[in-house]
1. On full extension of the chain, what length is gained from Ala291 through Asp57, given 0.36 nm per residue of separation minus the C-alpha to C-alpha distance?
2. Taking the Cα-to-Cβ direction at Ala271 and at Val242 and moving 7 Å from each Cα, how far apart do the two end points lie in nm?
3. Looking at region 113-268, send over the antiparallel percent of its DSSP beta bridges, to the nearest 5.
4. Expressed as a whole number of Å, what is the distance separating the alpha-carbon centroids of region 278-341 and region 1-52?
5. Under 17 Å from a label point 7 Å along Cα→Cβ of Thr339: give me every residue in region 241-266 with its amide N that close.
6. As a test of the definition: which semi-axes, in Å, follow for region 136-276 when you take the square root of five times each eigenvalue of its alpha carbon gyration tensor? Largest first, please.
7. Distance between the C-alpha centers of region 123-194 and region 211-268? Whole Å please.
8. For region 242-341, which trypsin sites (Lys or Arg not before Pro) are both in a DSSP coil and crowded by at most 15 other Cβ atoms within 10 Å?
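What follows draws every value from the coordinates through simple rules; no lab data is involved. The shown structure was predicted, so the numbers you read here are calculated from the model rather than taken from an experiment. Cβ atoms come from the backbone with ideal geometry, glycine included; neighbour counts cover every protein chain shown.
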Amino acid sequence: MKVLILGVNGFIGSHLAERILSTTDWEIRGHDLRTTNLKACLPHPRFTFRQNDMRQDREWIEQQVSECDVILPLVAVAQPKKYVEDPLFIFELDFEENLKIVRLCDRYGKRLVFPSTSEVYGMSQDPEFKEDESNLVLGPICKTRWIYSCSKQMLDRVIAAYGMQRGLRYTLFRPFNWLGPRLDDNTLASEGKSRVLTQFIYNMLQGLPIQLVGGGEQKRCFTDIDDGIGALMAILRNEGGVADGQIFNIGNPGNNFSIRELAETLKQVLATFPSFRDKALQATILDTPSATYYGEGYEDVEHRVPSIEKARRLLGWEPRTSLEDTLRKTISSMVSAGTPS
Ligand code: UGA
């Protein structure tokens, strides 16, 4: 099988590429702006890579779509601070550029595996979010945070419509706060713009306070990247066509913790690494109003628990990794990469 991964240097793309190369005989065509996460993949004989901006590489991408069996368009900005600050860019990249890929998949009759997001459920009050039942609840237009959710929701709907009306083969997967090594790069964290785990680690190691937005009682179901990739592999294998035309929540309801609990657990785990012990013990945790941290265009999700009944039933998938183990693995990889203590 030939797999095209656009955004292969990203968090999900690079972990997926490594798993494909180490456990299958599939061929990967990868595309990205950068190569920082691809050390293990670049030398591999079944990995072909092209470095460019996808917006300037239409011909190459079209050629690859026509030659590959399954297409994963993983290019997107996925940091809430960016949704608030630059909603137009989110629309242009996350929505418009991906729509072009969806259309290419339709034109060439290719299978599309597309990353939706837990963000599409927004502020739903359902105790568990169900892919085919839950309402998708977003705030007013002045809350620009929702442009990402709305862009992804629209793509979900367009892809489903292509499936219904034109026979596009597709699967949508919704990651719920996947964590692990290489989540975001440190440049983003240095600007205060990365996702929560990278930001917390960066702040602790720089001696900056951890900021709990809105008090930190909001919860997330933290999901280990290797568990997430396991689900994605089952989707790609697609035995008996089980994943065709389906949406899957990929999250770990057993790891439903508040952001305050994440900060405290991280502090404890970091303190078990001799080189980080002092920084961890000295770390301070402060409450910060969300308007100060993100700006007025922000609104938070207090509760976000996936139903994974469908992923269990159709993919035979079960998340297994505790939050502590994921944190330990993430920090170990920083130690191996030589992150200064
Ligand atoms: C994320 C992103 O939108 C996407 O990457 C993704 O689609 C989705 O969730 C997911 O992974 O399921 P969110 O969980 O809100 O959204 O983003 P984070 O930046 O990881 O923040 C999690 C929580 O921590 C938020 O409530 C945020 O306010 C809080 N936070 C963040 C802090 O308290 N302090 C910080 O320094 C950073």
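1. Working: separation 234, 0.36 × 234 = 84.24 nm, distance 3.82 nm.
Full-extension gain reported as 80.4 nm.
2. 4.3 nm
3. Values: 3 of 14 bridges.
Looking only at bridges with both residues in region 113-268, the antiparallel portion is about 20 percent.
4. So the separation of the two Cα centres works out to 24 Å.
5. Once the point is set 7 Å along Cα→Cβ of Thr339, 262-266 turn out to lie under 17 Å by backbone N, inside region 241-266.
6. Working: eigenvalues 222, 78, 34 Å².
Result for region 136-276: semi-axes of 33, 20, 13 Å.
7. Result: 13 Å between the Cα centres.
8. Details: sites: Arg260, Lys267, Arg277, Lys279, Arg304, Lys310, Arg312, Arg313, Arg320, Arg328, Lys329; in loops: Arg304, Arg320.
Passing both the DSSP loop test and the Cβ count: Arg320.
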